[in-house]
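Report on the following structure.
The values are calculated or read from the model by the stated rules, or taken from the named source; none is laboratory data. A quick note: this is a predicted structure, and the numbers were derived from the prediction, not measured. Every residue, glycine among them, receives a Cβ derived from its backbone with ideal geometry; neighbour counts consider all protein chains shown. The accessibility values were calculated without ligands, DNA or RNA, using every heavy atom of the protein model including side chains. Shrake-Rupley method; radii C 1.70, N 1.55, O 1.52, S 1.80 Å.
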Amino acid sequence: MSISEQLAAFAAGLSLDQVPDEVTERTKLLLLDTSGIAIRARHDAESTPATIRMVERLGGATGNHAVFGDQKGYGASAAALINGALAHSLDFDDTHAAGSIHSSAPIIPAALTAAEMTGASGSDVLAGIIAGYEIQIRLSLALSPKDHYDRGYHPTATCGAFGAAAAAGRVLGLNDEQMLDAFGICLSQTSGTIHFVESGAWTKRYQIGHAAMNGLIAATLAQEGYLGARTPIEGKHGFLNSFAPNPDPSKAVAGLGTVWETLALAVNPSPPCRYSHAAMEAIASICSEQDLTASDVESVYVGLPQTGFKIIGDGLAHKQQPKSVVDGQFSMPFCAAVAICERGMGWDDYAKHLKDPETLSLCKKVDVQIDPKPEASFPRFMSGIARVTAKGKTTERFVEIPKGEPENFQTAEELREKFDGLTAPYLSQAQRDQFVAATLSFEKQSDVATYLAMTRSAGAGLASAAE
């Protein structure tokens, strides 16, 4: 079998009884984490209103498919698009360090919408999500994330479209040949650029929704008999050879079905880019131990792996002057400044600190460089090092494994706390309890539409961002 055929057969044939229990349990926690992010983003992400209005103008707001936290129904492709964008709008979603990729945001929305289309069971949805994770992550590893980034691509979006196609295709019940067609169709839809770092653009969010929608479309087209390319992954002009200079196709199938990359996914305790987290932890711990205030800090050095530096440290003068949430998400100086002030960072800290003169002044005291110590830990870990000079004393701390990584994973209680913090403004305690219980027993769900309806605000006074 070709690599494309092996991936198609795996995705089409995966059932939950083939998956270790720990993988299934982890997937349910990732579903809970993604849902909380998407609910908050539906109400508070500044890019949401424009997205909803676009969908409405294009006729996508007529249908019965659910969007997290939304009272209305949408067409299937529109629901996948919006949910995918929402899941990535806060940059608070899960990551895979070696793949340098977010996984749930494009994959879970495609699986859930496909389940609404077919009435699929919760166990089939979980199997689809896991199939999507395993394929998306392996494609990024096969490309070599650094090479893919260097060409200007965003692997969460590019590889994410294939993961979304695998997830949706599994939920729709595609056979091996149809899944291969879905991947072949997906090849013609794959896109996503890292140029979103310029000028506070919202396009990073959109291209993840686009990946979710394209995966669903590819799977649906394949089910209707539409033919796709037969070697979309490893072919001469296939995905790997077109999107990276020196891919290793063998990594796309290495350990498939025996090594579960799903367990290597990390969750994000803080909303900025994952590459900032280790350094933020180091800074927060130094400031807490020494009881430092912003006025005490004279300078901060942050050392990152090269890949992280390119995203949140390069162009330091610009990074030191964030003007928008997107700027803040990808500014190591801003994240460091907030960590000094708050001993951590939550979503609401963007609104609090982006216009705060003291925080912005602190940004100018933060230097960011490529450092050999975190570089040596990469790509296994997104490590970081910080040196804080305050009151005439310099303290250095290296964090190799930031909180949320598989080796330092958040507990179910910590993830529940994150979910509550994100959704409490819009869901009652009873609603949150009901949704969490349903998610943690998701394999028993028989109606995904009813499940998603639990995310709708009960109070009339809780208006959405687009209203």
Please go through segment 343-368 and pick out each residue that is part of a loop (DSSP other than H, G, I, E, B) and surrounded by fewer than 22 Cβ atoms within 10 Å (Cβ to Cβ).
-> Arg343, Gly344, Gly346, Trp347, Asp348, Leu354, Lys355, Asp356, Lys364, Lys365
Mind checking which residues of segment 225-283 are without any contact (Cβ under 8 Å) to a residue 60 or more places away in the chain, open to solvent by 40 Å² or more (accessible area, probe 1.4 Å) and in a loop (DSSP other than H, G, I, E, B)?
-> Gly225, Tyr226, Leu227, Ala229, Lys236, His237, Thr258, Val259
Would you mind stating whether Ala98 is among the small types (Gly, Ala, Ser), modelled with pLDDT under 95 and within 19 Å of the chain's Cα centre (by Cα)?
-> yes
Determine, yes or no, whether Asp371 is surrounded by fewer than 24 Cβ atoms within 10 Å (Cβ to Cβ), of a type in the set (Asp, Glu), in contact with a helix residue (DSSP H, G or I) (Cβ under 8 Å, 6 or more places away or on another chain) and touching a residue at least 40 places away in the same chain (Cβ under 8 Å).
-> no
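Okay, residues lined up against (1) within 23 Å of Pro49 (Cβ to Cβ); (2) under 23 Å from the mean Cα position of the chain (by Cα); (3) of a type in the set (A, V, I, L, M, F, W, C):
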{"site": "Asp181", "(1), (2), (3)": "no, no, no"}
{"site": "Phe196", "(1), (2), (3)": "yes, yes, yes"}
{"site": "Ser199", "(1), (2), (3)": "yes, yes, no"}
{"site": "Ile208", "(1), (2), (3)": "yes, yes, yes"}
{"site": "Ala218", "(1), (2), (3)": "no, yes, yes"}
{"site": "Leu221", "(1), (2), (3)": "no, no, yes"}
{"site": "Gly225", "(1), (2), (3)": "no, no, no"}
{"site": "Gly235", "(1), (2), (3)": "no, no, no"}
So Ser4, is it within 22 Å of Ala157 (Cα to Cα) and touching a residue at least 12 places away in the same chain (Cβ under 8 Å) = yes
Go through segment 295-336 and give me each residue that's open to solvent by 10 Å² or more (accessible area, probe 1.4 Å) and over 30 Å from Asp150 (Cβ atoms).
-> Ser295, Asp296, Glu298, Ser299
Over segment 185-215, the set of residues among the aromatic types (Phe, Trp, Tyr) and either under 16 Å from Gly328 (Cβ atoms) or open to solvent by less than 40 Å² (accessible area, probe 1.4 Å) (or both) is Phe196, Trp202
